[in-house]
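Below you'll find the structure, written out as structure tokens, and then a few comments.
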Amino acid sequence: PPAVSQLCLPRRCEVRPGPEFLTRSYLFYTNRLFKALQFYYWDPSCRDPSYSLVIKGKLRLRQASWITRGATEADYHLHKVGIVFHSQRAMREVASRTNQTSGQGCEGFLPPGRSWAPGALYEVLSARTERDCTAALGFAMHELSLLRVERHLQPPAPPQHSGSRLVEELYLGDIHTDWAERLHYRPTGYQRPMQSALHHVHPCPACGIISRADEHHPPVLPARAALPMQLSGSWVSAHCEVRPAVLFLTRFFTFHGNNHTWEGRYYHYSDPLCRQPTFTIYASGHYSQGIPSSKVRGGTELAFKVTQARVTPMDQVTVLMLNASEPGSCGLAGSWSAGLEQDITPTNGCLALGIKLPHTEYELFKTEQDSQERSLLYIGERPTDGSSPDSPDKRPTSYQAPLIQCAAASEEFSNYISLKYVGRKDANGTEALKPLPVAFLLLIALLFLKWD
């Protein structure tokens, strides 16, 4: 189980489904008590605070998760939750929602017309009095029921070359993309990681600001220049990604801006280190001209059409599943072999893998630069229930883990594929495909990390 007995912080302004914009500061004590601060904002740059929550409780680590490999399950108990408003507008909106939606005993939480009191702390949950008025905020701490700690070494940045730096990251459970479900959802994936205040990636301008903040003095993050959407080029996962419903994968995309076509590969694995491949999906199509998002400021709305797809099974379990699929529903029935790619376009996708062709998805994109001036691409978060954003009303309002630009627009997509795989002989003596270690993928992404 992870040893969580320290202050953990995010590296940047976070976007949750809704959208909600926030920063967090979680302090875990050795006696299992914790104090969590959540700071909410009106804007996606976390510069205009709305309100702050101060959460106190107790956390008990249990056992390794039976569902999400590599995770630790935990139980938590909330002792109290307080709220501090940072404007009259915030107080008015929260009071209105609370008085309308909360249960017995919360109607008078904030009397109508009451003026904003700067610095006042209002109690919205108390275990002692059995009062809970948090439902209107969409508040839950189920993220504490699933944890994972990762440690790795950050390579020295030139020109210092002073040696690698230890980085410790805390992954907490994911937040359901449906607001109505988040109060009951038990996570099976993760949010973007929080970093140890002592062992974090350098430089991290936001870390010091957030660590010095409290519920009365919320952090105001440095202004970030808005970047134009520049999709052209190749983008790759920075690490093994974990999604709900026990999915482990890495992604690689190439976008061709001259004709608005795209192609991508999704490498699926059975383990949280992405070392045991199960199958690979290749997909291609075209995308629309982007327009600024009306819901998520700073985001760009696009529509992606998937017209072609191919699948490569990488283990015998997947081969057996595909060969047992209904004839005509996933490629040529009974012809699947490990390491051999097959076109599933003629069968309009693959029912066994949930792929339908042709297919349109309504997406949310954003580009940024990190503290090391590397280009990052954020793509909309997938629905927690496993469905597809196949209509405008299902368009994401939050983002997945960012991809790193690893090649300019002139790089060929096939170059990456030929480097990622090397030939080997399988049990029958035929040539098969074998993924190189995940560190090689990270090297291509210009983020070579030595994992414990």
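The values are calculated or read from the model by the stated rules, or taken from the named source; none is laboratory data. Treat the numbers as computed from the prediction; the structure is a model and nothing was measured. Don't worry about glycine lacking a Cβ; one is built from the backbone with ideal geometry, like all the others, and counts go over all protein chains shown. Remember, those area values only see protein heavy atoms, side chains included, never the ligands or the DNA or RNA. Shrake-Rupley method; radii C 1.70, N 1.55, O 1.52, S 1.80 Å.
Here are a few things to note about the model shown:
- Accessible surface area normalised per residue over segment 233-405 is 42 Å², counting heavy atoms of protein chains with a 1.4 Å rolling probe.
- By average C-beta atoms within 10 angstrom, highest first, the peptides 131-143, 258-270: 131-143, 258-270
- Label reach from S87 (point 7 Å along Cα→C-beta): in segment 114-129, amide nitrogens under 16 Å belong to 116-119.
- Anisotropy class of segment 143-273 from Cα gyration tensor, a/c 1.5 cut: rounded
- Net charge in the neighbourhood of T347 (other residues with Cβ under 13 Å of its Cβ; Lys, Arg +1, Asp, Glu -1) is 0.
- Computed log10 I(q)/I(0) for segment 7-212 at 0.13, 0.15, 0.18 Å⁻¹: -0.78, -1.02, -1.41, from the Debye equation with unit scatterers placed on every C-alpha and solvent omitted.
- Net charge dipole size for segment 233-405 [Lys, Arg +1 and Asp, Glu -1 on Cβ; Debye, nearest 20]: 180
- Judged by the mean number of other Cβ atoms found within 10 Å, the most tightly packed of the peptides 317-326, 146-155, 172-181 leads the ranking 172-181, 146-155, 317-326.
- Whole-Å semi-axes of the ellipsoid equivalent to segment 233-405 (Cα gyration tensor, √5λ, descending): 28, 19, 15
- Segment 243-292, accessible surface, carbon-and-sulfur percent (1.4 angstrom probe): 58
- The protection proxy used here, the mean number of other Cβ atoms lying within 10 Å of each residue, ranks peptides 327-334, 60-67, 296-303 as follows, highest first: 296-303, 327-334, 60-67.
- Filter on K35/K295; K305/K366; K295/K394; K58/K80 - keep pairs with C-alpha separation over 21 Å: K35/K295
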